[in-house]
Every structure is written in structure tokens, then in C-alpha cells.
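Structure first, commentary second.
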Amino acid sequence: MLAIMASAAERRKKIVEFVHRWDPTFSLIVVLCLIVAAYLGHVGSGKGKIAARTAEVIHWVCLGFGVIVVLLQIWNWRLRWSKPPVYFPYRDETLPGLVFKSGFQKYRFFVPDRTYIEWFVKWSEEDPVVQGATNLATYERRRLYENWYRAKPAHFLVMQSKQTVGTDWSIVALSIILDLPLRTLDSLKAHNLGVIDIQYEDLVPQAGERSGRYLLYDTLIFTRAFQERFSDFKRWHSLLHLSQFPTPKEKAKVSIFIEPDNARLRYSLQRNRYGPHSIYKLVNHHDLFEFVLPGADIQSKRAQRFVKLWEELKQKKLEIPVGCDEAVSQVSSAQNEQ
């Protein structure tokens, strides 16, 4: 019985991957064939019955292909909304770096080099939630992020997106996750330090201290267009960023800290959607939520799935490159989408 279930799950996984890889290809083929059919139908009266018959055959073949594509896509959406076992996105290895393909979209992930820190400064200043919570001057924010980057480049992650056919890469998400030493975390809890006061030396661990034990998810910004549409890559962005740090284990737990400035996020955290947590007051009177992974048996299924995917990502040993091949800044074009 277990063998049958495993076989069925494998077949489902293959179909999902097939849809991700070939849905755009099928659609393009259908469009081209319909154009040919329309042309043959138009000239059919002048060229005789053969052209007209050919156009009719192409039309029905295209219709059949279209039905197959639609059914596969509906089946794919049904799997997503019914919360089945999560399937990893299909990786496009024809392009350099870490690139994934989903339908007509491609997504690229990379750790920014120092020249891209300006993106994080600009986006944070133009996001009313982030800027309202910190109220830093431009030079102060730039110096803050440069210190965080100098401590560990993996603190930062960029996600770009583009259409499978044509168009250029544009930024759709930026995130910052800080790897905190214990002494810095204690200073935050004791109101001796604020998040915006964390400097380079506050992020340098002591000898023998385990890396990735305390992670502060400081910033996650999406473009408005990307935020308003459904996409699995909102979750994959966070998972890929967290996979830069050690996986939570029963004997090596990981605490994730979130300071929710967004009202919707705060509501979700307070509703225990992510499982049990502790709350600390910071020096700015904001709440700091702590989630310990893996947690107790009462931990939410959402958190359990998250830890499982995190572990599987580490096992895949995906390398997130530093920088991208295209050194053209895309801050302006990305901000226009907001």
C-alpha cells in the first residue's frame, strides 16, 4: 500500500513539474498553429478544399492541445490550494546562477555584492512601513546596511523576475536576515540596544558560538505588483534565504525573531498561525516575536512544513551566487511597478 501511495505521489510530482516546464511552450505552439489555421482558412476559398480542410484539422488539434493545457493548469492550481505535499520549483539550469521557472515566469536569486546595497537603502526608504518604523536618514541607513553586509553577505538576498520570452530581469523582492550572537540578543531584550543600533561588532560571534542559532528576520519587501498576486515564490524567497543558515534540529534548535511593523503580519502572528511563540518588548516599544524551531508537539502544521522544506533545501546544496551577471541597476524600473 505504501508503495502504491509513493508511486502516486511521484506521478503527481512529475505532472506538476511538466506543467511548470511546458505550459508556456504549449501555449506558444497553440497560438502559432491558430495563426496558421486562420491564414489557411482565409486563403482556403482561393486555394481549394485541401487548404480549408488543413485549416480545420489544425484548428481541432490546437483546441485539443488547449484543453490539455487548461486541464493540467487547473489540476496544478487545485493541488496548490488543497495544500498537498509541496513540490520544489523547477530549476532552469540553462541560465547562469540560481534560476527557477514557473509558467511564463522565471525567478533568479542572488546575494547582492556591495554595489547593490543601494537597492536596499532606496527600497527601505520608499516603503512607508519600513521607513516609518526606523525613520533613519539616508546616510545612516546606508552605513547601517554596509555594517550588516560586512559582518555577513548572506544577511541579504535579492529575487528578480522576468517573462520566459523576452523582457529584462526586474527586482521583485529584497530581504535581510541577521545572524545574531547571544550577547546582542540579550542586549535587545534588556533594552540596551535597538535593531537600528546594531553595528558590525554586534554581529561578530564569540569563539565557539554556533552560527545561525538566533535569526532576526529584519526586512522583507515585495514590489506592489508582486505582492498583490498569488505566487509560491513569496514563500520560496524566505525559505531560500533561511537555507543560507543551519537547519533547525531537535538537538540544535533555531530561534527566528520577527518585529512585525505590518498590521496584517502582526495579526497572523498573534493568531498562532505559525505556532507557539514568546513576545519581548524592544526599546522602541515594538513587539519582538520569537519562534523556536523545531518546537513542541503543538507546533502548527505550517511551521512543521516550513522546517521540512528548509531541511530539504539544505540537502539539495543549492548555491546562491554573490552578485549577478547583469550589472545594470534596475531600481527605477522596479520601483515603477510599486
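Label point of Gln206 set 7 angstrom out along Cα-Cβ; within region 176-192, amide nitrogens under 15 Å from it belong to 180-188. Between the listed residues His241, Leu265, Thr184, the Cα displaced farthest toward the positive end of the dipole of region 155-313, a dipole computed from Cβ unit charges relative to the Cα centre, is found at Leu265.
Using R0 = 25 Å, the C-beta based FRET efficiency linking Glu312 and Ala252 works out to 0.90.
Please give me, ordered by residue number, the GluC sites (Glu not before Pro) of region 194-294 that lie in loop per DSSP and have at most 14 other Cβ atoms within 10 Å.
Numbers: sites: Glu201, Glu209, Glu228, Glu250, Glu290; in loops: Glu209, Glu228, Glu250.
The qualifying sites are Glu209, Glu228, Glu250.
For trypsin sites (Lys or Arg not before Pro), the sites in region 182-247 that DSSP calls loop and that have at most 10 other Cβ atoms within 10 Å are Arg229.
Every number in this text was worked out from the coordinates using simple rules, so none of it is lab data. Computed from a prediction, not measured in an experiment: that's the story for all the values here. Virtual Cβ from ideal backbone geometry, glycine too; neighbours counted across all protein chains shown.
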